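S.K.: Pasting a structure below so you can have a look.
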Amino acid sequence: MDTEILEIQGLSKSYGHLKALDSLSLKVERGNIFGFLGPNGSGKTTTLGILLDIILKDSGTYKWFGEAPSSQIRKKIGALLEQPLFYPYLSAVQNLKIIADIRGVPYSEIENVLKLVELEGRKKGKFKTYSLGMKQRLAIAAAMLGNPEVLILDEPTNGLDPRGIADIRDLIIRIASTGITIILASHLLDEVEKVCSHVVVLDHGGKLFSGSVDEVLSGTASFELAADDMELLEKTLSFEPWVTKMAKEGQILKVHLTNDRSASQLNKFLSQKGVYLTHLTVRNKTLEKYFLELLSENHDPTN
Amino acid sequence: MKNIFSNSYLKTMIRLIKIDFRKYFYSRSFWILTSLYLLLIVLVFAGSQGFMNKITENAGKNSPISIPSFSLYSFPYVWHNLAFLAGFFKIFPALIVVIFVTNEFSYKTIRQNVMSGMSRNEFLLSKVLFVFIFSLISTVVLFFSALILGWTHTNPITASLVYDKMVFVPAYFLELFTFSMLAMMIAFLVKKQGLSIGMLALYYYVIEPLVAYKLPDEISQYLPVKAMGHLIDIPNSSLMKLFGVNFRDYVSAQDVLLCLFYSFVFIGVVYFFLKHSDI
């Protein structure tokens, strides 16, 4: 199938007694920017390692581009897993030449990928002299050699300062706009929210959620309200069926509404009922909130 | 059915050699170690005659019988003599193999190579090819050194004298290759530079000699290090003949087969290990 870039079925892996992956199944379609979320130890890196033949699976199957995995296929996949890995005594160009040879890519491409990550100026310096940000960028350059169809990034912003994080985010968006499918494993939920089209949430080797980011974020929005007459406000809202949740926090009333209500609709409704708001804030669902909720549900013994 | 020498196999091998070579070409330590090694063996080749002359001179002064001076470099004995001497320095190539294989684990570049599209088998093959070529180059140095020294120290020179006992040259290649394969296997299994060197030395100087000591000769002759060392036995000299000591002046087929067998085994162990572990 041309649209299915990756298909994983029942993938499992244990390290001794520790079950790192428990029968994981998921699909990634072409053009997705797919986020892998999960706390440390949830199985993100293990999954990616298996997909790249670094880690051996215990059971289950996976297919890249609908085909059985092989080293040939990996030449069309670019990856940065945990840390940038290069020969410290070689320069960027020399390191990239090795990778170009492995992938069967002409050396002319090296200039292009270095330009893409803005490392042309330091290309002759030895890798060991690079800052962490430069090392990460070189790793992405290496991953991009040979025009891969998929780019796998595991914590690409690890250890970077805010400027570095923003640079990587821009780079990812630029790369995504060329149609390359991206699999992004990250802790930085707000980054994932900004960049990804789909997410899968892992915990203890299992899949908690898989779907589009829109699905996650559109969901009930919450509003913070205050009025001169708080009692009237509460009373008015409690009769309405489209108010799903109401909670008082100090001087503020937090309400959750069903999907279709907007802030202006709420405002209009209340003023028609004679309730005049002094405070109205819209709080959109964030990935972070959803993620933390999901995880706490998973750990809740009463669940 | 593709022939082993067919174009595509050759192309793959050349490609792998090219990739691996890039890793050494710009490494200062590689060139230092290699040059040191080659320089050392050539110096030893050239200087050994002078050294032997000194010894027989001194011995001659103190002994009642006249001790004949002998030439190390005359055909056909030069092949055996130099191959024997060179065998003492096989630790250098082994060291180079250990350093560069363990580097791939410390830098985790084996991971990078495999992620980028190299199969684990190709990775192993590239290392075996590297050792093959390195051993080949050492053997070529041996060959030309012996040829030149033999040419200048043999009178009269006949073709049969030159070709006789040339078998020690490929025997040296086998000794080097097998020992380097042992080093490579240890490097892949242990993955850390210092520890690997330690294990290699431990096995070579302690474990096998101990095992050989404990076992009866008929069995211990099959041990790897013994087989390698036995390939090229101590060369005879007229001095030893004087005392009735006679070492083998030929290469035994058993040792050749054992070395080939062990090389195979060492490579096989790494193949198995790579197939069944995370890298």
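Rule-based calculations on the coordinates, nothing more; no lab input. These numbers were taken from a predicted model, which means no experiment stands behind them. Every residue, glycine among them, receives a Cβ derived from its backbone with ideal geometry; neighbour counts consider all protein chains shown.
S.K.: Pairs A:194/B:108; A:207/B:192; A:75/A:135; A:207/B:275; A:245/A:285; A:75/B:18: which exceed 25 Å Cα-Cα?
M.R.: A:194/B:108; A:207/B:192; A:207/B:275
S.K.: Return the FRET efficiency for the residue pair residue B:21, residue B:151: r is the Cβ-Cβ distance, R0 is 30 Å, and the value is rounded to the nearest 0.05.
M.R.: 0.40
S.K.: If I model a spin label as a point 7 Å beyond the Cα along the Cα-Cβ vector, how far apart are those points for residue B:30 and residue B:161 in nm?
M.R.: 4.2 nm
S.K.: Going by Cα centres, segment A:235-287 and segment A:1-59 are how many Å apart?
M.R.: If we compute the Cα centre of each part, the gap is 41 Å.
S.K.: Okay, next question. In terms of the Cα gyration tensor, with a ≥ b ≥ c the square roots of its eigenvalues, is segment A:114-177 rounded because a/c is under 1.5, prolate because a/b exceeds b/c, or oblate?
M.R.: Because a/c hits 1.5 or more and a/b fails to exceed b/c, segment A:114-177 counts as oblate.
S.K.: Hey, how much of the P(r) for segment A:160-303 falls beyond 22 Å, as a percent of Cα pairs?
M.R.: Tail of P(r) above 22 Å: 54 percent of Cα pairs.
S.K.: Relative to the present Cα-Cα distance, how much length would full extension add between residue A:231 and residue A:262 at 0.36 nm per residue of separation?
M.R.: Here the answer is 8.9 nm.
S.K.: Kindly state, to the nearest 0.05, the FRET efficiency for residue A:169 paired with residue B:7, given R0 = 51 Å and r defined as their beta-carbon distance.
M.R.: 0.60
S.K.: So how far, in whole Å, is the C-alpha centre of segment A:189-220 from the one of segment A:129-170?
M.R.: Centre-to-centre (Cα) distance: 22 Å.
S.K.: Follow-up question, since we're still on this one. Excluding same-chain residues fewer than 8 positions from residue B:214, which lysines have a Cα within less than 19 Å of its Cα?
M.R.: Here the lysines satisfying the reach criterion relative to residue B:214 are B:226.
S.K.: Ok, one more. Using 1/(1 + (r/R0)^6) with R0 = 41 angstrom and r between the beta carbons of residue A:245 and residue A:18, what's the FRET efficiency to the nearest 0.05?
M.R.: Working from the Cβ atoms, E equals 0.60.
S.K.: Using every Cα-Cα pair within the protein assembly as shown, state what percent have a distance larger than 31 Å.
M.R.: 63 percent
S.K.: While we're looking at this one, here's another question. Which of these, B:123, B:134, B:144, has the largest mean-square fluctuation under a Gaussian network model of chain B (Cα springs below 10 Å)?
M.R.: B:144
S.K.: Hey, rough spin-label estimate for residue A:118 and residue A:131, points 7 angstrom out along Cα→Cβ, what's it come to in nanometres?
M.R.: Placing both labels 7 Å along Cα→Cβ, they lie 1.1 nm apart.
S.K.: Average partner chain C-beta neighbours within 10 Å, per residue of B:122-129?
M.R.: 1
S.K.: To the nearest Å, what is the center-to-center distance of segment B:2-48 and segment B:141-220, using C-alpha atoms only?
M.R.: Segment B:2-48 and segment B:141-220 have Cα centres spaced 17 Å from each other.
S.K.: Could you pull out every whole DSSP H run in chain B that spans at least 15 Å of Cα extent along its own axis and averages 1.0 or higher on the Kyte-Doolittle scale?
M.R.: Qualifying helices, which must be both long enough and hydrophobic enough, are B:91-106, B:120-153, B:168-190, B:253-275.
S.K.: How large is the helix-only mean residue ellipticity at 222 nm for the protein assembly as shown, computed as the sum of -39500 (n - 2.57) over DSSP H runs with n ≥ 4, divided by its residue count, in deg cm²/dmol to the nearest 500?
M.R.: -17000 deg cm²/dmol
S.K.: Pairs B:23/B:165; A:13/A:115; A:128/B:11; A:57/B:127; A:27/A:254: which are spaced more than 31 Å apart, C-alpha to C-alpha?
M.R.: B:23/B:165; A:13/A:115; A:128/B:11; A:27/A:254
S.K.: With a cut-off of 13 Å, note down the residues of segment A:35-56 whose backbone N falls inside the zone around a label point 7 Å from the Cα of residue A:82 toward its beta carbon.
M.R.: The answer is A:41-50, A:54-56.
S.K.: Just B:127, B:90, B:61 to compare: in a GNM of chain B, with alpha carbon springs under 10 Å, which one fluctuates most?
M.R.: The residue with the greatest mean-square fluctuation here is B:61.
S.K.: A further question on this structure: So what is the relative contact order of segment A:61-125, in percent, for Cα pairs below 8 Å that sit 6 or more residues apart?
M.R.: 29 percent
S.K.: Only Cα pairs within less than 10 Å get springs; with that Gaussian network setup on chain B, which residue of B:232, B:41, B:157 has the largest fluctuation?
M.R.: B:157
S.K.: Let me ask another. Of B:98, B:162, how do they rank once you tally other Cβ atoms within 10 Å and put the fewest first?
M.R.: Fewest to most other Cβ atoms nearby, the residues stand as B:162, B:98.
S.K.: Within a 10 angstrom radius of the beta carbon, how do A:161, B:233 rank from fewest other beta carbons to most?
M.R.: The order, fewest Cβ neighbours first, is A:161, B:233.
S.K.: For residue A:63, go through the aspartates and glutamates and keep the ones whose alpha-carbon is under 13 Å away, minus same-chain ones fewer than eight residues off.
M.R.: In chain and number order, the partners are A:2, A:4, A:7, A:29, A:53.
S.K.: Is the C-alpha gyration tensor of segment A:17-113 telling us rounded, prolate or oblate? Criteria: a/c under 1.5 is rounded; beyond that, a/b larger than b/c is prolate, otherwise oblate.
M.R.: prolate
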